[in-house]
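Rule-based calculations on the coordinates, nothing more; no lab input. Since this is a predicted model, take the numbers as computed values, not measurements. Positions of Cβ are generated from backbone atoms using ideal geometry, with glycine treated the same way; all protein chains shown enter the neighbour counts.
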There are 2 protein chains.
Amino acid sequence: MTASRQIHLVKRPSGKPVLEDFAIVDVRVADAGPGEVQIRNLLMSVDPYMRPQLDANQPLNAPLLGGGIGRITQSNNPKFAVGDLVRHSMGQQEVFLSDGRGLTLLNPDPDLPLSVYMHALGGTGITAYGGLLEIAALKDGEQVFVSTAAGAVGSVVAQIAKIKGCYVVGSTGSEAKRRWLIDHAGLDAAIDYHADPIGKALKAAAPKGIDVYFENVGGAHLDAALACMNLRGRIAVCGMISTYNGDREGVRNLSNMIYSRIRMEGFVASDFPHLNAQFISDMTGWLKAGKIKYQETILEGFERGPEGLIGLFEGRNSGKMLIRLAD
Amino acid sequence: MTASRQIHLVKRPSGKPVLEDFAIVDVRVADAGPGEVQIRNLLMSVDPYMRPQLDANQPLNAPLLGGGIGRITQSNNPKFAVGDLVRHSMGQQEVFLSDGRGLTLLNPDPDLPLSVYMHALGGTGITAYGGLLEIAALKDGEQVFVSTAAGAVGSVVAQIAKIKGCYVVGSTGSEAKRRWLIDHAGLDAAIDYHADPIGKALKAAAPKGIDVYFENVGGAHLDAALACMNLRGRIAVCGMISTYNGDREGVRNLSNMIYSRIRMEGFVASDFPHLNAQFISDMTGWLKAGKIKYQETILEGFERGPEGLIGLFEGRNSGKMLIRLAD
């Protein structure tokens, strides 16, 4: 038996989640049985997609669902050895058992920090890669607009577009993030949408219009993009974070889709298994060459899981938000 | 010289167009010069797409732009003989000259009335055919929802979907049109959205969800469809008539596109020249076999052009609205 803790959802949030919606629960985990492994969690991910789950799919009084990286501490499963690193989706718990299903062995590049396998080389990275190159069918040199461009997905989207020779405009929620986009990520233009209304600012920042909009926000952002889209433009719908807490701002410019023949398409990270090998190869190369810059906001300590998730909706993260339990 | 009349836009409408926005103007048309033909208009089409043009592309104090069928009355152009029927886009004028560009020779099937070449075998027909089969990529047996299903485009969409073995729900704006959809066009279910709120009515009428939504309305219709879309559903955006007069109802359910991987795409009638031969062959066969039923609202007399256009936005047409000048 091993002492462990879990973070439970104890109350479905009304609007933005608050600390009182969660509880830390002490548990004891049995030793690995036949075919099982025991895993100690090292890194936990918090992501915007977790918010809608709190309203429905996430069970109450059970560990908060989400992705992470852990180390095998006991193994009765021939596929895994003690010490192996695995990617998992067992969520917010310190130690847990698994029959091996849903675990992916990780062979991290020794020249890269483990945390990048939770973002640029993980779910947010392939979301950016597949969404931009397959769903939006980006062509070299196009005009690109990325919302939440300093976020975990957006920052990778924007920099892949730069690698592909595009003109790239990003939107973000603070002057500090705006400066990071220009000075570090190398975008052509960046908008702080809290300082400048997005519609007018985007028109000024994208004088040649937009061929591809990578959508993470919805509402006024989508209306602003629709007003600027070029003929046969594509909108890859990755997220609509402005709508997740219940205040759904109506979108009014959709009729622009008709004459401009806009295609708009939704997708999720798991849609791109066929791209995975190429993605890992491209992204490892780009990261090691310094072509993809990233930011991380790492909260130290298991008990900070709920704070991390809540912080996503308050813009408290720069880049990928992670919780670190141990090295 | 030949006496003629033209219908001019004399004032850009504020909201819904009114008769005072138009004027009938007497003109005299010269005889056909070198390379020219003179044409007498027989049928004029009024279509929803003409409304947004009144705000911008349609010149003031010039003939109202639109499609029609005319007969060659004089010809100095070897491509056209006196008596030939042509499709044109010269709009609302009785007699006019052309150098032949933009004219298409028409060889109507003797077993079909000429008017069908203005709808089922014309622009609205290929809009329905290309939008449903190419943009929405309809598969046999799918669940289909068509808005303004008793209209010129919608009624053809709905019946092609029936020919392809689909379950088809239509929405329309009166009980008489609703009955026509069930009793004559053979739809599986039809909703009078003035009598029943579209969101609740659609959920009840489409118990297996929707694979393809053919969008002509926007606003609450689109929100209702988004709430019912199945995984990897497609929305072919043909029109958003609810938004054309300026009152743009916001759309709130777009985030459903993400997890359901919805594709939504805009298009116009002229996007399908590569389908034209197959379309003419299929549609002529379907019409002669009675598999595509249609309704026409034909206003007799040139001077009724503005009334016809305005009537589109008041639901005064059943099926295709046409103005007949002569046989």
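Does the range A:254-302 come out rounded, prolate or oblate, given a ≥ b ≥ c as the square roots of the eigenvalues of its C-alpha gyration tensor, rounded meaning a/c under 1.5 and, failing that, prolate meaning a/b above b/c?
Prolate.
Net charge of the neighbourhood of B:ARG5, taken over other residues with C-beta under 10 Å away and scored Lys/Arg +1, Asp/Glu -1, is -3.
Scanning chain A for the Cβ atom closest to the axis that brings A onto B yields residue and whole-Å distance A:GLY250, 1.
For the range B:195-203, putting each phi into the Karplus relation 6.51 cos²θ - 1.76 cosθ + 1.60 with θ = phi - 60° gives couplings of 8, 10, x, 4, x, 5, 5, 5, 4 Hz, in residue order, rounded to whole numbers and with x for Gly and Pro.
What share of the DSSP beta bridges in chain B is antiparallel, in percent to the nearest 5? Write out the running numbers ahead of the final one.
Working: 31 of 56 bridges.
Within chain B, antiparallel bridges account for around 55 percent of the total.
Between the amide H of B:GLY233 and those of B:ARG263, distances stay under 5 Å, these residues lying 5 or more places away or on another chain, with hydrogens modeled in the peptide plane.
Suppose we keep just the DSSP beta bridges with both residues in the protein assembly as shown; what percent of those would be antiparallel, to 5? Write down the numbers at each step before the final one.
Numbers: 66 of 116 bridges.
Roughly 55 percent of the DSSP beta bridges within the protein assembly as shown come out antiparallel.
When only Cα pairs below 8 angstrom with a gap of at least 6 residues are kept, chain A shows a relative contact order of 18 percent. Here the translational diffusion coefficient of chain B follows from Stokes-Einstein with Rh set to the Kirkwood radius across Cα pairs; for 37 °C and 0.692 mPa s it amounts to 160 µm²/s.
With its label point put 7 Å out from Cα toward Cβ, B:LEU60 sits 6.4 nm from the same residue's point in the other copies, in order from shortest.
Across all Cα pairs in the range B:70-170, the calculated P(r) in 5 Å bins from zero up to the longest distance comes to 3, 11, 19, 17, 14, 12, 10, 8, 5, 2, 0 percent per bin.
Across the range B:311-327, rounded Karplus estimates of 3J(HN,Hα) from the backbone phi angles (6.51 cos²θ - 1.76 cosθ + 1.60, θ = phi - 60°) give x, 4, 8, 10, x, 7, 9, 10, x, 5, 8, 9, 10, 9, 9, 6, 7 Hz, Gly and Pro being marked x.
3J(HN,Hα) along the range A:9-26, derived from phi through the Karplus expression 6.51 cos²θ - 1.76 cosθ + 1.60 where θ = phi - 60°, amounts to 7, 10, 8, 6, x, 9, x, 5, x, 10, 4, 5, 6, 10, 9, 9, 10, 7 Hz, with x in place of Gly and Pro. The GNM of chain B, with springs linking C-alpha atoms under 10 angstrom apart, assigns the highest mean-square fluctuation among B:ALA190, B:ALA227, B:ALA204 to B:ALA204.
Of the cross-linked pairs B:LYS139/B:LYS291; B:LYS139/B:LYS208; A:LYS177/A:LYS293; A:LYS177/A:LYS203; B:LYS164/B:LYS320; B:LYS139/B:LYS320, those separated by over 25 Å at the C-alpha level are B:LYS139/B:LYS320. Residues whose amide H falls under 5 Å from that of A:LEU42, counting only those 5 or more places apart or on a different chain, are A:ILE69, A:GLY70, A:ARG71, with hydrogens built in the peptide plane.
A:ASN76 sits among other residues whose Cβ lies under 14 Å from its own Cβ, and their net charge, with Lys and Arg +1 and Asp and Glu -1, is -3. Summing +1 for each Lys or Arg and -1 for each Asp or Glu among the other residues whose beta-carbon sits under 14 angstrom from that of B:GLY266 gives +1.
For the protein assembly as shown, how big is the tail of P(r) above 51 Å, as a whole percent of Cα pairs? Roughly 23 percent, once rounded to a whole number. Going by the alpha-carbon gyration tensor, a ≥ b ≥ c the square roots of its eigenvalues, is the range B:1-127 rounded (a/c under 1.5) or, if a/c is not under 1.5, prolate (a/b greater than b/c) versus oblate? It comes out oblate by the Cα gyration axes.
With label points set 7 Å from Cα along Cα→Cβ, the inter-copy distances at B:ASP271 are 1.7 nm, sorted shortest first. Straight Cα distances below 19 angstrom link B:LYS200 to the aspartates and glutamates B:GLU175, B:ASP188, B:ASP192, B:ASP211, B:GLU215, B:ASP223, B:GLU249, with same-chain residues fewer than 8 positions distant left out.
Normalised by 2.2 N^0.38 Å, where N is the number of residues, the alpha-carbon radius of gyration of the range B:124-271 equals 0.92. Amide H contacts of A:VAL27: A:SER4, A:ARG5, A:GLN6, each under 5 Å away and 5 or more positions distant or on a separate chain (H built 1.01 Å from N in the peptide plane; Pro and chain starts excluded). Two decimals is fine: what is log10 I(q)/I(0) at q = 0.12, 0.15, 0.19 Å⁻¹ for the range A:206-277, from a Debye sum with one equal scatterer on every Cα and no solvent? Result of the Debye calculation: -0.36, -0.54, -0.79.
Across identical copies of the chain, B:LYS16 has label-point separations of 4.3 nm, listed in ascending order, with the point defined 7 angstrom from Cα along Cα→Cβ.
Can you tell me how the range B:217-326 classifies by the Cα gyration tensor, rounded, prolate or oblate, using a/c under 1.5 as the rounded cut?
Numbers: a/c = 2.51, a/b = 1.37, b/c = 1.83.
Verdict is oblate for the range B:217-326.
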